[in-house]
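Let me begin by presenting the structure, written as structure tokens, before commenting on it.
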Amino acid sequence: MGRGPPFSISLDPLVTLLCFWLAYHIASPIHSIQATARRVAQGDLKARVPSSVSHRYDELGALAKDFDSMVGRLTH
């Protein structure tokens with residue numbers, strides 16, 4: 001029992017860094033899609049989500065590809 005607190009305390013910084021990384025990994029692409037949506041709303045129909053987001057292999061990448069496809073259809 002005497003070894004419990006030091007072990008958990010040593011894991012706290014690692015868990016904290018992991019949480020910050022995960023939050024950034026999720027929030028950053030969302031901000032990119034949002035910024036592109038604002039540009040389109042202002043009339044820039046050539047705006048596209050950065051390829052670093054659209055080439056992801058997750059739901060945010062799929063959303064970016066669908067968004068770019070939607071904007072592409074608006075120009076035709």
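Every number here is computed from the coordinates shown, using simple stated rules; none is lab data. Note that the coordinates shown come from a computational prediction; the quantities given were computed from them, not determined experimentally. Counting neighbours? That spans all protein chains shown, and the Cβs are built from the backbone with ideal geometry, glycine included.
For S69, what is the net charge nearby, where nearby means another residue's Cβ is under 15 Å from its Cβ and Lys, Arg count +1, Asp, Glu -1?
On the way: positive: K46, R48, K65, R73; negative: D66, D68.
Residues near S69 contribute +2 overall.
Relative to the longest principal axis of the chain, what angle (0 to 90°, nearest 10) does the C-alpha long axis of helix 59-74 take? The angle comes out at about 10 degrees.
Computed over every Cα-Cα pair of the chain and binned at 5 Å starting from 0, the pair-distance distribution P(r) comes out as 3, 15, 19, 15, 11, 8, 6, 6, 6, 4, 3, 2, 1, 0 percent.
Could you rank the peptides 41-49, 9-17, 63-71 by their average count of other C-beta atoms within 10 Å per residue, with the highest value first? Write down the numbers at each step before the final one.
Values: 41-49: 12.9, 9-17: 9.6, 63-71: 16.0.
Going from most to least packed, we get 63-71, 41-49, 9-17.
Derived scalar couplings between HN and Hα for region 10-16 equal 6, 7, 4, x, 5, 5, 4 Hz in order, rounded to whole Hz, by the Karplus curve 6.51 cos²θ - 1.76 cosθ + 1.60 (θ = phi - 60°), x for Gly and Pro.
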